[in-house]
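Written out below as structure tokens is the structure these notes cover.
Read the figures in this text as sums done on the coordinates, not as results from a lab. Values in this document were obtained by computation on a predicted structure and should not be read as measured data. Because the Cβ atoms are built from the backbone with ideal geometry, glycine has one as well, and the counts that use them run over all protein chains shown.
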Amino acid sequence: MRGPTTVEPVPGRTDELIINMGPQHPATHGVLKVVIGVEGERITRAVPHIGFLHRNHEKIEEARTYPQIITYTDRMDYVSGLQNELPFILAVEDLLGVEVPPRAKLIRTIFFELFRIASHLVWLGTGMLDLGAITPFLYTFRDREMILEITEKTAGARMLPNYFTFGGVRRDVHPDFFKDVAHFLDFFETRLPDYYALVLDSPVFQARAVGVGVLSRERAIARGASGPVIRASGVAYDVRKAEPYDAYPELEFEVPTRPEGDVFARFWVRFKEMEESVKIIRQALEKTPKTGPYKGKVPPRVKPKPGARYRAVEISRGHLGTYVVSDGSERPLRVKHRSPSFANLQLIPDLFVGARFADAIAILSSLDPVFGEVDR
Amino acid sequence: MSLFAEVWEAVKAVGAGLGAVNKRISEPAVTEFYPYKKPEIPPVSVQFLALIQNEDGTDRCVACLQCERVCPSQVITIERKRNPEGKGFVLERFDLDFANCMHCANCVEACPVSAIVTVGAFEHAVYDINLLKADKAMLDHIGHEAKTWYSPKFGVEIRTPDGRIEKAPPEMQPGGLAELLAEGEGGEAS
Amino acid sequence: MSRMPLPADRLVQPRLVGYDPTHPRPWLERIAYTLFFSALWVMVILAYGAVPALFRHYGWLSTTAGFLIYAAVEAVLAFLLAAVVALILIVVLRKYLGKVQERVGPMHYGPAGVFQTVFDALKLLGKEDFAPKRVDWLIFRLAPAIVFVSAFLLMVALPVAGGWVMADLNVGLLYIVAVSTLGAYGVVLGGLSQGNKWGLLGGFRAGAQLVSYEVPLALALLSVGVYSGSLRLSDVVEHQYGLWHVVPLFLSFLVYLVASIAELKATPFDLPEAESELVAGYNTEYSGMSFAFFFLAEFVELFLLPGFMVVLFFGGWHGPLFGLEPGSFAAGVLQSLYFLVKVAVWVWIFLWIRATLPRFRDDQLMDLAWKGLLPLALVGLLVAAFLRMFLEVL
Ligand code: SF4
Ligand code: SF4
């Protein structure tokens with residue numbers, strides 16, 4: 001069912017105030033605009049408006065060759081940059097029939113999970129900033145900085161590294177890589193208790209989060225939510241388990257779920273995911289040989305055979321899928337991205353209406369949308 | 001009684017939070033003092049791109065148009081003409097619009113002779129965006145200024161104080177160059 | 001195609017200003033902070049002790065003209081004191097937040113950035129004080145003044161040492177309640193007059209919050225009054241010889257602590273200006289000096305509310321006098337130092353809380369005020385009354 005697309009003042013109704021929240025509001029994580037009607041502090045109507053960051057990704061990608069597109073996919077969810085490259089690369093690898101060496105798969109997995117931690121740290125910091133706590137923001141960004149430095153050493157850029165490529169990764173990891181990552185993990189594990197103390201265990205946070213913005217299991221499935229949002233509603237759906245890719249089949253990890261579906265559950269799931277990521281990276285580090293091939297044999301001109309392929313991965317925000325249609329030339333006929341934030345954002349009218357205004361901010365930060373990926 | 005227990009739990013949790021904050025007071029600040037202390041960025045880091053000229057002042061670039069072809073944002077414009085003496089081509093124009101460059105280093109990777117490279121310089125800030133449209137003179141200039149640069153083919157190279165170009169020692173090299181170094185010195189495209 | 005200028009002459013070179021943070025000079029910073037604190041101390045001595053003593057000594061107060069001059073000088077001194085307090089506290093807040101957040105805080109402009117606030121104030125002075133078209137002009141302009149004046153007036157009743165108080169009111173406790181409620185008007189009117197929806201919401205929230213927290217605050221003050229048997233603040237302090245009020249009146253102290261954080265509109269009760277929710281809340285449309293007055297008032301209150309807490313619960317200026325005769329000028333100087341140190345500790349705790357906690361929601365805030373603090377304050381009042389009864393009986 002389509003919801004209303006605008007919020008018009010009701011004639012004769014004077015107790016409702018219509019507010020444009022965004023696109024320049026401090027808590028909209030970029031450029032979301034939500035037109036909301038409030039009665040005092042209670043939200044009566046909410047209509048999200050998106051598209052302020054539209055950059056025409058899918059159309060541009062039709063005019064680019066396959067290796068060039070990888071650069072563009074990075075720019076979708078810029079907070080977890082590297083993760084976005086993978087679904088497209090997997091799809092093209094399938095079309096090309098390229099063998100990926102196991103070491104390359106493991107390296108990719110390590111980076112993938114590092115960026116999950118990085119992205120969740122950004123979410124944690126900005127989410128707590130929305131809830132009024134300034135300090136976790138600086139702590140999380142400081143920890144994320146270490147991940148970005150590790151990435152820069154190997155891949156040459158911090159947020160949008162353009163590092164994965166067909167058949168593996170572009171260059172071998174830096175000699176210090178394994179040491180750095182292990183050091184980061186040790187460091188991060190000493191930091192996690194602080195985050196628990198400042199966020200999850202904080203009674204003020206619990207007062208703000210428990211029972212707020214409850215998303216039922218059915219509603220979450222109906223709206224196509226994915227990622228931590230759906231797992232916090234009790235659905236153990238994780239692409240890493242459902243359709244394993246790269247090195248995930250060899251690695252042991254759990255999919256944390258929680259049945260409540262409130263803001264607290266979404267925060268909790270992301271916390272546990274960071275812990276799971278640490279576990280995954282540790283296993284992968286053990287398995288990865290120090291030297292070896294990092295890239296499979298790929299023809300110099302990437303020309304997949306005609307056909308179509310859909311591959312999905314579990315990025316920090318959920319199910320990111322890419323559908324690639326090839327006509328056998330150097331450029332794809334069509335590339336379509338299925339982005340998780342976009343689907344999760346559809347929950348805004350459901351969750352906002354009836355909530356208090358301050359809750360709306362908490363709900364929005366628990367959905368953790370990134371607008372590069374919503375608008376594409 | 002449960003109310004008191006709850007309140008006590010809450011007070012303890014707040015106390016834990018306060019403790020977590022206060023214990024950081026003695027930790028050193030991680031602030032980077034940028035203009036006072038310039039950060040050292042790894043050689044593979046994609047910041048400025050540069051055209052490298054050989055020691056004798058000729059272009060390394062052979063005008064093969066590979067970089068123009070792979071650039072995803074299509075900011076490289078090359079015009080070439082046939083080399084009057086000998087075979088191959090020479091550059092007439094090489095423009096690179098840093099304002100639209102995505103710093104993806106696809107061009108660096110594609111270059112067969114390591115003519116276009118990443119250099120460690122990162123201070124591109126200008127007041128007028130048009131000044132970011134670099135032409136060949138500027139790219140050459142950046143290349144001349146650079147002390148070290150990186151390209152996937154040759155790894156990190158350094159310019160010695162007396163103007164020679166040498167391959168950097170292995171400890172300066174990023175990963176994946178072990179096999180390259182094992183091949184020995186064969187890289188100089190002169 | 002024209003040749004581009006070469007990079008060396010066209011790139012923006014970062015400007016190196018002021019203090020080089022790569023060479024920290026901790027001793028210089030310590031000296032600067034010590035000077036700051038002594039400046040505050042000197043201001044307090046001047047405003048509360050020296051000038052009144054001077055006027056009294058020469059008997060100038062008995063003439064009308066002398067009294068008027070005295071009042072004018074005191075007003076100027078109080079304003080300067082307010083300015084110094086705000087200047088210091090802003091820099092302390094920033095530096096403290098910087099320290100606990102693993103960054104350095106302000107660092108240019110003076111050793112370790114201690115003059116940052118001065119430059120901030122200059123910047124705000126230099127800015128256009130802009131009023132949008134839709135504002136209710138008179139109220140819009142009046143609101144910052146009300147807020148600042150109420151904070152300023154509170155300073156009058158603050159006893160900093162034995163006999164050192166600008167006006168030793170016999171209804172001091174009531175005066176605190178009355179004047180601090182006045183500040184709420186300024187915030188609410190400022191929010192409502194600016195024709196901005198965020199400001200409106202911020203004004204609503206401020207009204208609800210400040211008015212509700214006045215009630216437990218007043219009850220906590222009342223229990224102090226009941227226990228000490230006087231509404232005069234200097235009597236309250238005198239009453240604490242032997243035992244600070246924080247021990248018998250612990251419940252009232254807790255109520256006062258929470259309610260005063262709420263009065264300050266500091267995290268976790270910063271709803272009226274909740275930056276991530278209401279953009280800037282009640283001061284959304286203020287700029288330039290009008291905004292600076294809100295800011296100034298906030299930091300003066302950040303000094304005054306812990307100040308009154310020390311007066312009411314922590315024995316005010318009490319401390320070892322080392323043989324100095326109580327009531328003498330030297331004793332006053334020492335006592336004001338004790339007072340300032342106690343206040344500094346409490347200001348630090350307030351800042352610490354501000355750095356740690358997230359924000360409450362508006363309804364939880366109300367719940368806390370009416371369901372948590374009000375009963376607690378009443379119990380505290382009861383305790384105070386019973387203890388008083390025992391004291392009378394004994
Ligand atoms: S770095 Fe990328 S965008 Fe920039 S010029 Fe090279 S290929 Fe083009
Ligand atoms: S790829 Fe290298 S050699 Fe070819 S045109 Fe570009 S810079 Fe010159």
Computed over region C:15-126, the convex hull of the Cα set has an average projected area, in nm², of 9.2
Express the relative contact order of region C:15-126 as a whole percentage, based on alpha carbon pairs under 8 Å and six or more residues apart in sequence. 36
Where does each of A:Lys287, C:Lys95 land when they are ranked from fewest to most other beta-carbon atoms within 10 angstrom? A:Lys287, C:Lys95
Projecting each Cα onto the charge dipole of region C:133-393 (Lys/Arg +1, Asp/Glu -1 at the beta carbon, about the Cα centre), which of C:Val379, C:Gly288, C:Val147 comes out farthest on the positive side? C:Gly288
Cys in the protein assembly as shown lacking any partner Cβ under 4.7 Å -> B:Cys61, B:Cys64, B:Cys71, B:Cys101, B:Cys104, B:Cys111
Separation of the B:Ala10 and C:Val171 label points, Cα + 7 Å toward Cβ, nm: 3.5
One finds the C-alpha centres of region A:262-326 and region B:28-79 to be spaced, in Å, by 29
When you have a sec, figure out the Kirkwood radius of region A:119-158 from all distinct Cα pair distances and drop it here in Å to one decimal? 10.4
Apply 1/(1 + (r/R0)^6) to the Cβ-Cβ distance of A:Leu333 and C:Ile139, taking R0 = 56 Å, and write down the FRET efficiency to the nearest 0.05. 0.30
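Quick one: order A:Arg171, B:Arg159 by neighbouring beta-carbon count within 10 Å, fewest to most.
B:Arg159, A:Arg171
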Would you kindly state how much longer the chain becomes between B:Lys38 and B:Thr160 on full extension, computed as 0.36 nm times their sequence separation minus their alpha carbon distance, in nm to one decimal? 41.8 nm
Inter-site label distance for A:Arg301 and A:Glu218 at 7 Å from Cα along Cβ, in nm: 5.6
Given labels modelled 7 Å from the Cα in the Cβ direction, how far is it in nm from A:Arg55 to A:Glu286? 4.0
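Express the relative contact order of chain B as a whole percentage, based on alpha carbon pairs under 8 Å and six or more residues apart in sequence. Walk me through the numbers before you get to the answer.
Details: 267 pairs, mean separation 40.9, N = 190.
Rounded, it is 22 percent for chain B.
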Percentage, to the nearest whole number, of Cα pairs in region A:57-367 over 36 Å apart: 17
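Could you put C:Trp137, C:Trp41 in order, starting from the residue whose Cβ has the fewest other Cβ atoms within 10 Å?
Ascending Cβ contact count within 10 Å gives the list C:Trp137, C:Trp41.
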Which of A:Asn84, A:Asn20, A:Asn344 moves the most in a Gaussian network model of chain A with Cα springs under 10 Å? A:Asn20
Contact order normalised by residue count of region A:222-290, Cα under 8 Å, 6+ apart, percent: 34
In a Gaussian network model over chain C where Cα atoms closer than 10 Å are linked, find which of C:Leu264, C:Leu174, C:Leu324 has the largest mean-square fluctuation. C:Leu324
Can you list which of the DSSP-assigned H helices in chain C have a Cα extent of 24 Å or more along the long axis and an average Kyte-Doolittle score of at least -0.5? C:26-44, C:64-100, C:137-154, C:172-193, C:197-228, C:288-313, C:329-356, C:374-393
As an exercise, use a Förster radius of 56 Å and the Cβ-Cβ distance of A:Lys241 and C:Leu125 to find the FRET efficiency, rounded to the nearest 0.05. 0.35
Which of B:His103, B:His141, B:His124 moves the most in a Gaussian network model of chain B with Cα springs under 10 Å? B:His124
Summarise the partner chain shielding of C:98-109 as one whole number: the mean count of Cβ atoms from other chains within 10 Å of each residue's Cβ. 5
R0 = 22 Å: FRET efficiency of B:Met172 with B:Leu65, Cβ-based, nearest 0.05? 0.10
With angles folded into 0 to 90 degrees, how steeply does helix A:177-195 sit against the dominant principal axis of chain A? Use alpha carbons for both and round to 10. 20
Using Cα atoms only, what is the angle between the long axis of helix B:2-22 and the major principal axis of chain B, expressed in degrees (0 to 90) to the nearest 10? 40
